[in-house]
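What follows is one structure encoded as C-alpha cells, with my remarks underneath.
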Amino acid sequence: MPRSEQTRKTLSDHRKSLQDLKKSYEASEEAEKQQLWEIIKDELQEILKKYSLDFSKEQMKIFNDPIHGHIELHPLLVKITDTPQFQRLRHIKQLGGTYLVYPGASHNRFEHSLGVAYLAGRLVKILHDNQPELKITKQDFLCVQIAGLCHDLGHGPFSHVFDCLVIPEAKKIKHRRGLPDDIPEKWKHEQMSIQMFDDIVKSMKAENEDVLKEYGLDDKDVTFIKELIEGAKTSEWTYEGRDEEKSFLYEIVANKQNGIDVDKWDYFARDCHHLGIRNSFDHQRLLKFARVCKVNGRNHICFRDKEADNVYDMFRTRYTLHRQAYQHKICNIIEDMFSEALLQADRDLHEGKPEDMLKISEAIKTAEDYSKLTDEIFEQILSSTSDKLKESRDILNKIIRRKLPKFIGEARLTEKNISKEELTETWKAAVEKHKSTDPTVSLNADDLPVYVVDLDHGMKDKNPIENVYFYSKRKPNEASAIKDYQLSSFLPKRFNEELVRVYYKRTDENKEEQMKKMEEAEKCFQIWCGSNFGLQ
C-alpha cells in the first residue's frame, strides 16, 4: 500500500477512535462523566506536553541579534551559554586572520553559535508544524538546538587556523623530530566540541544531578546531541541517539549528505553582514519550503523544485566568501604566519620541554586545558619577555607592523593532480633559470614560497546540487534529484579550482632593493605561467 494511502487510513482510524471516545463519554452516567473527563484531559495533556513545541514565554530568554533580530532561547540553552566553556567563544574570532584584512569582521564564535541554535529551532518547528506525522518531540527540538549551540565549542585560536594549520603541522614536526606523537589522526574541532560538551554536562550535573531530567532529557539524548554535532556520515544506520525514522534530524546542524545545514545559513548571513559582501542566498525563503520526504529508504530534508536556483545561490555564496575573504591572498599569509608563531611557541615541540614555553598542541588532551586556549594567546606571546618566545614574538610583531610577505602573482591551475611539491620544484627551476634584466638583482627560490589554494562549491569537483532532493507542488511526499533541464544553463561546467600563489617573504631589505626583486620575481612568474606547467 502506498505511504499516502497508509497515512490516510491511519488518520481515519484515529478519527474513528476519537468519535468512539466521544460517544462513550456522552453515554456514561453523569456521576462518572467528571472522572472520565479528568482521565481524558490528563491523557491529552501528556500528548500535548510531549509533542507540542510551545514553551512558556516566561521560560524563554530573549537575545537581540544583529542578523536574526530578537531570538528566544530555552532556559536549558541559557544555562549552557552561562558556562565557562561556552563563554570562551566570546574570545575566538569567527573568521580568524580575516579580521586583520576586513576590519568589520570582528564577530566571534559566540554569537554565531546562538544564531545556529535559533535557526536549528526554526527549521525543526517548521517541519513539526507542517508534518505532525514525523512525531517530533520537545526532546528532539531541544537536542537539535543544543547541538547547534555547541557545535563550535572545539574551535581553537583564530578558528580554523588551529585545526587546519597548527595541529597538522605539529603532528608532522613531532614525526620528523622523533618526538612522541599522541595527536589523533586528522584531528578536527568537532571532536573537541564533543569533548567540551561532555565537560559542560559534567559541570552542570555536579551542581544539579537532575538538571537534564528537569527538562525531559536523559543520557540517550546526550548521545544524540553529540551525534548531531558530528553529523551522520554512513549509509548504514549505526547511530544510538535516534532511530533511522528520524534520520532527517541529523541533517540540520551538520549535514554530511549535501552540505545544506543551518550552520552555513547563519555564517553566510553573519559573515556577509560583517564583511560587507552581498549575500544572494535567501535562507528565510528556503526554510518555508523545507519538507521531509523518504528517498532511497531514508527520511531526508528536501526542498521545493522551484527553489533550485536559491539552493545553488547558497553554494555559490560559499565559493564567493572563500574567494573574496576566507582565502584572500593577504588573509592566507597572515594566518600562515600566525600558525608559524604558535608552532614556534609550542613547548611540546622542543627538546627538554622548557617550563616557560606554552603547551599549545598539548591543550587538546583535556577540556580543562583547551578552555584556556583562545585568541588571547596572541597577546600573551606579544607581552611575554621569555627568550624562548622571541621567534614567535618577532613573527607576530611583523603582522602588527604589516611587514608581511609581498604578493607576487596568482594563476589558476588547468591541469589536475599537480602536487604542491611538483609545483615547487618547477618554480624553483624557473627561478634558477631566470635571467634578470637588472644585473644587480638575483632571485633566490627560498625567498619565493609557493602556496596552493583550493576553491570549490562544497563538494570538491562535483556539482553540489546533485546531492539535494526536491519535491514538486503536486507530489509533496515524493522527492528526487533535480533534472538538468530544470536548472539554469548559466551554471558552471566546473565546480572547483586550484590557485597557485607566489609571495616574496624577505621583509628586512630596503624598499628599493625589495621593489627591484619583486619586479623580477613577477616577470619570472609570468614566464613560468606561460610555459607548459598547466597554468594560465
Can you find a residue that is over 25 Å from the mean Cα position of the chain (by Cα) and assigned to a helix (DSSP H, G or I) anywhere in segment 146-164? no
ASP263 vs. criteria of a type outside the set (Gly, Ala, Ser), buried (at least 18 other Cβ atoms within 10 Å of the Cβ) and either in contact with a strand residue (DSSP E or B) (Cβ under 9 Å, 6 or more places away or on another chain) or farther than 12 Å from LEU321 by Cα (or both): yes
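What helices (runs of 4 or more DSSP H), lying completely within segment 367-409, carry at least 2 residues that are without any contact (Cβ under 8 Å) to a residue 24 or more places away in the chain and open to solvent by 20 Å² or more (accessible area, probe 1.4 Å)? So that I can check it myself, show each step before the final result.
Details: elements: 367-370, 377-383, 390-400.
Those helices (runs of 4 or more DSSP H) span 377-383, 390-400.
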With respect to LYS49, is the statement that it is at pLDDT below 95, open to solvent by 100 Å² or more (accessible area, probe 1.4 Å) and assigned to a helix (DSSP H, G or I) true? yes
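For the condition at pLDDT 90 or above, under 25 Å from GLU519 (Cβ atoms), charged (D, E, K, R) and out of contact with any strand residue (DSSP E or B) (no Cβ under 7 Å at 6 or more places or on another chain), what is the one hit in GLU391, GLU425, GLU410?
Exactly one of GLU391, GLU425, GLU410 is at pLDDT 90 or above, under 25 Å from GLU519 (Cβ atoms), charged (D, E, K, R) and out of contact with any strand residue (DSSP E or B) (no Cβ under 7 Å at 6 or more places or on another chain), namely GLU425.
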Would you tally the residues in segment 309-339 being closer than 17 Å to SER159 by Cβ and of a type outside the set (A, V, I, L, M)? 11
Sole exception among (1) surrounded by fewer than 16 Cβ atoms within 10 Å (Cβ to Cβ); (2) closer than 23 Å to HIS300 by Cβ for TYR471, by number: (1)
For a quick check of your reading of the model, give me the residue pairs whose first member lies in segment 196-209 and is at negative phi, whose second is among the β-branched types (Val, Ile, Thr) and surrounded by fewer than 12 Cβ atoms within 10 Å (Cβ to Cβ), with beta-carbon atoms closer than 9 Å and at least 6 apart or on different chains. ASP199/THR366
Any chance segment 75-90 includes a residue that's closer than 21 Å to ALA325 by Cβ, at pLDDT 95 or above and outside any loop (DSSP other than H, G, I, E, B)? yes
Over segment 93-135, the set of residues within 22 Å of PHE158 (Cα to Cα), in a helix (DSSP H, G or I) and in contact with a Phe, Trp or Tyr (Cβ under 7 Å, 6 or more places away or on another chain) is GLY96, GLY97, THR98, HIS112, LEU114
Of the residues ALA325, ALA341, which is within 21 Å of ARG176 (Cβ to Cβ), at pLDDT 95 or above and either open to solvent by less than 40 Å² (accessible area, probe 1.4 Å) or among the aromatic types (Phe, Trp, Tyr) (or both)? ALA341
Considering residues of segment 178-200 that are of a type outside the set (Gly, Ala, Ser), at pLDDT 95 or above and open to solvent by less than 20 Å² (accessible area, probe 1.4 Å) only, the residue farthest from the chain's Cα centre (by Cα): ILE200
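The values are calculated or read from the model by the stated rules, or taken from the named source; none is laboratory data. Just so it is clear, the model here is predicted, and its values are computed rather than measured. For neighbour counting, all protein chains shown are included, and Cβ atoms are generated from backbone atoms with ideal geometry for every residue, glycine included. Each accessible area value is taken on the protein alone, full model and side chains, heavy atoms only, with ligands, DNA and RNA left out. Shrake-Rupley method; radii C 1.70, N 1.55, O 1.52, S 1.80 Å.
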